[in-house]
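The values are calculated or read from the model by the stated rules, or taken from the named source; none is laboratory data. Remember, predicted model here, so these are calculated numbers, not experimental data. Ideal geometry is used to build each Cβ from the backbone, glycine not excepted, and the neighbour counts take in all protein chains shown.
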Amino acid sequence: MQERIGVFVCKCGPNIGDKIDVDTIVNEVKNIDGVVTAKSHNLLCSNDGLEFLKEEIIKGNLSRVVVAACTPKMYEQKFMNTCEEAGLNPFLFHMTNIREQVAWVTPDKILATEKARKLCLAAINRMSFQEPIEKKEIDVQPDVLVVGGGVAGLEATLTLTAKGRKIILVEKDDSGKTETTESAQFRRVYLVEKSPCIGGVSARFEEVYQTMECAPCMLSPELQEVLQKENVETLTYSEVEEIVGSFGNFTVKIRRKARYVSEEACIGCNACFEPCPIEIPNQYDGGLSKRKAIYLPYAGALPNVPVIDRLNCLHLNGKECNACEQACAFGAINFEDEDRLIEKNVGAIILAVGSKLSDPTQFPQFGYGKYDNVLSAIQLERLNASNGPTGGKILLRNGQEPKSIAFIYCVGRKEKGYCSGICCMYMSALAHHVKEKLPDVKIYSFYTDLCLPKKEHQKIFEKVLAKGVEFIRSDGSEYVDYDGKKLIVKYKTESSVKSVLADMVILAPPVEPAKDIEKLAKLLDIPLDEHGFFSEEHILMKPFGAPLEGVFVVGTCQGPKDIGDSVAQGSASAGKILSRLMLGEKLELEPIVAEIDEEICCGCNTCIGLCPFSAIHRDVEKKVSVIDDTLCRGCGTCVAACPTGATKAKNFTMEQISAEIMEVAK
Amino acid sequence: MKDEKLAIVTFLCNWCSYEGADKAGNARLNCPSNIRIIRVMCSGRIEPQFVIQAFIDGASGVLILGCHPGDCHYKKGNYKAIRRISLLKKMLRQFGIEQDRVRLDWVSASEGERFAKVANEMAETIEQLGPLPELKILN
């Protein structure tokens, strides 16, 4: 069938009208085969103009439309909508830019007219290869997987489940009677946490920077809300094992590790701890306290259901012991418990697996692990905590109070190659707490650079200074020695090597990625940055979106940050999901994508490695490549590389681009 | 005045360089009229075949502009363009086509001035090289 092409050239008032001889172009293109209408308009983007365009499409029964006007970045969508209103598929329309890229850059009217003419001819030549593209929608699964029960994951979970949605369905039966049914829909969140309890690292702090409030008090309402919400399934002591699928429809396999304590039967009295004969260092307290083989990381941890550590439990290692079983009045101990694999279907995934402080033994110059009273900041944090190993007393290993403490900032910064950005803040807070408890203690703070951004930080720093904490700038080459009685911190200033004596040394090691990050990155095939944190899609514009649609990387697994920033990212990622995975609605997909003709595809796999979004996979049975519509963004890189021409970039096909080249190259 | 008859087929990526060209317009910077623009989504979409076809159809030069390396809207389409166009340029030499007739460069969405500069430089280069002699090997 012969196409019925309409060409509309906008004068944009004098902007195009005075610079380009629009009438000459209109008169010429009128005579091109297939063009049934060619007209100019003074301002096509005005309401009058759009009405005119709509009428022309209907009146002329146009099957293709070319608009030569301003940049498509301004009104392309408006014109496409007008085409749609006139009953024409919006992709049967093409816009060419004769204002920004011709009229405004070419002062000579003859040259400008010639260039605009060429661009119009190119657009018209493209028309015979224009194809309608239908909007694609898929049913979505509104449920969400959140991995990591720290502040970021908790905030995301609560935001996602804050409100359900009432769906009102009105149906007419044959007799014309209407029947209204109401149903409520709720989004479910599966919160997967590797450790036995939720709350993350923040729950370990007695008083958090910068409000100096008790972290457990700040967190517990959130923890309780998450645990009590009907539409949140909290899966502690669990790990993600497998993820397949794409945005809107992921299938996730989760391993629920055997807890050996029934969550239903246990009432959380903790009577089982005492009789357990095993004692091992509690990593939650930085190894400063002991725990049993049946344990909770700390008193008051939620959910309040202990776990049995299978590596250290006598019974589980074939020895005769059932002390905990005997102590339990509720029959909650179950030595027969086994790991279970469960499967969940979700539309989006939030990774909030956090980070950890580096092991300071990596930096041997500080004597950590060698000298008893060299501690990492998290250990001092636990000493200061009322639920910690000393009940909140700052004590040396021999049980005495320290008279002097050296805080060393920027530990390992040089080696790691980045500033963790939070150490200056928490070290100031710790110095503040120590000074409150031990007013006479002498504190030296060694730093190379102070990082005090945000509106509150300088104030707290000044407070600490006022308390008499001595800040000493060194070049980062501090060295810790021991004279048999006291620790000696040697440091270099610009002019000389000096030293101070201290009873205790506190190190601020770098924040580094949690162990699980690598495994999750592999499961999802998403990249890590040079330091091993998750890469974000765009550091400024998409700072918590993974480069995979529907996957978000929030909190410190994306890079070191404080509690406030982690919470903000958790909430923001939930917002992104809420705005796209609507309850009861469908998900609209990007229309301009690539597709592969499986009849032509030779199965060479060239395209698979090129796709920046991992949107192409191999259909093993058919021996061809297949593009996942939900992941493709339409860049066309795979199309340019396809040796057989099986791959097509919608709206930018080989034929369409060739047709344009043919006219503009003349 | 320059001879603005020698067509330079110019491929611009939708996200950076096309907007850069618009910015040149907003700032009313002069650009040679033989810079003839075709919009694509990404410089990674440019098939070497498009360049060859442009020469067959009469172009004297081909200019391909994308996002600066590291800034690609699609992460690494422009890196693919670098690989393809470098290889193509080696081939063009064997056809007797001067390598300078093809230029791959980067213009960001804010760089109107840079777009105008690159466009003018390219036009200058093509004017010096003159029209592409008819090459039988291409037909």
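Which residue, of A:VAL67, A:VAL36, is over 23 Å from A:ASN15 (Cβ atoms) and not polar (S, T, N, Q)?
Details: A:VAL67 fails: over 23 Å from A:ASN15 (Cβ atoms).
Checking each option against the conditions leaves just A:VAL36.
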For B:LYS89, only one of the following conditions fails: (1) more than 26 Å from A:THR653 (Cα to Cα); (2) more than 10 Å from every other protein chain (Cβ to nearest Cβ). What is its number? (1)
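For residues in the range A:125-154 being within 14 Å of chain B (Cβ to nearest Cβ) and part of a helix (DSSP H, G or I), which is farthest from A:GLU660 (Cα to Cα)? Show your work before the answer.
So in the range A:125-154, the residues within 14 Å of chain B (Cβ to nearest Cβ) come out as A:125-126, A:129, A:133.
Imposing the further condition that a residue be part of a helix (DSSP H, G or I) reduces the set to A:125-126, A:129.
Working: A:ASN125: 7, A:ARG126: 6, A:PHE129: 11 Å.
Per the criteria, the residue is A:PHE129.
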How about the range A:515-544: which of its residues are out of contact with any Leu (no Cβ under 9 Å at 6 or more places or on another chain) and buried (at least 20 other Cβ atoms within 10 Å of the Cβ)? A:PHE533, A:GLU536, A:PHE544
Restricting the range A:68-87 to residues that are away from chain B (no Cβ under 14 Å) and touching a Phe, Trp or Tyr at 6+ places or on another chain (Cβ under 8 Å), the residue that is farthest from B:MET41 (Cα to Cα): A:CYS83
Conditions: (1) at pLDDT below 90; (2) away from chain B (no Cβ under 14 Å); (3) assigned to a loop (DSSP other than H, G, I, E, B). A:PRO612 meets all but one. Number of the miss? (2)
A:ALA112 modelled with pLDDT of 95 or more, within 14 Å of chain B (Cβ to nearest Cβ) and crowded, with 24+ Cβ neighbours inside 10 Å: no
For B:PRO69, only one of the following conditions fails: (1) facing another protein chain (nearest Cβ under 8 Å); (2) part of a loop (DSSP other than H, G, I, E, B); (3) more than 28 Å from A:THR113 (Cα to Cα). What is its number? (1)
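How do the strands (runs of 3 or more DSSP E) wholly within the range A:1-81 filter down when requiring 2 or more residues that are not aliphatic (A, V, I, L, M): which remain? So that I can check it myself, show each step before the final result.
Details: elements: A:5-10, A:35-41, A:64-69.
Qualifying strands (runs of 3 or more DSSP E): A:5-10, A:35-41.
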Taking the criterion of being more than 12 Å from every other protein chain (Cβ to nearest Cβ) and either in a helix (DSSP H, G or I) or surrounded by 15 or more Cβ atoms within 10 Å (Cβ to Cβ) (or both), would at least one residue in the range A:632-650 satisfy it? yes
Residue count, the range A:576-609 (criterion: surrounded by fewer than 16 Cβ atoms within 10 Å (Cβ to Cβ), touching a Lys or Arg at 6+ places or on another chain (Cβ under 7 Å), under 16 Å from A:GLU549 (Cα atoms) and more than 14 Å from every other protein chain (Cβ to nearest Cβ)): 1
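Pick from the range A:281-319 the residues that are charged (D, E, K, R) and not in a loop (DSSP other than H, G, I, E, B): which of them is surrounded by the most Cβ atoms within 10 Å (Cβ to Cβ)? Don't jump to the end; show me each part of the working.
Filtering the range A:281-319 for residues charged (D, E, K, R) gives A:285, A:290-292, A:309-310, A:319.
If we keep only those that are not in a loop (DSSP other than H, G, I, E, B) too, we end up with A:285, A:290-291.
Numbers: A:ASP285: 23, A:LYS290: 13, A:ARG291: 21.
Step by step, filter the range A:281-319, then rank; the result is A:ASP285.
Based on this model, can you work out whether B:GLU19 counts as in contact (Cβ under 8 Å) with a residue 40 or more places away in the chain, within 7 Å of chain A (Cβ to nearest Cβ) and over 12 Å from the mean Cα position of the chain (by Cα)?
It is true that B:GLU19 is in contact (Cβ under 8 Å) with a residue 40 or more places away in the chain, within 7 Å of chain A (Cβ to nearest Cβ) and over 12 Å from the mean Cα position of the chain (by Cα).
Hand me the list of strands (runs of 3 or more DSSP E) wholly inside the range A:537-608 holding 2 or more residues that are under 12 Å from the mean Cα position of the chain (by Cα) and in contact (Cβ under 8 Å) with a residue 24 or more places away in the chain.
Where strands (runs of 3 or more DSSP E) fall fully within the range A:537-608 and carry at least 2 residues being under 12 Å from the mean Cα position of the chain (by Cα) and in contact (Cβ under 8 Å) with a residue 24 or more places away in the chain, they are A:551-553.
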Tell me which of these B:ALA27 doesn't satisfy, since it passes every other one: (1) within 19 Å of A:PRO107 (Cβ to Cβ); (2) buried (at least 22 other Cβ atoms within 10 Å of the Cβ); (3) more than 7 Å from chain A (Cβ to nearest Cβ). (2)
Search result, residues across the range A:442-470 that are closer than 19 Å to A:ASP503 by Cα and among the β-branched types (Val, Ile, Thr): A:ILE443, A:VAL469
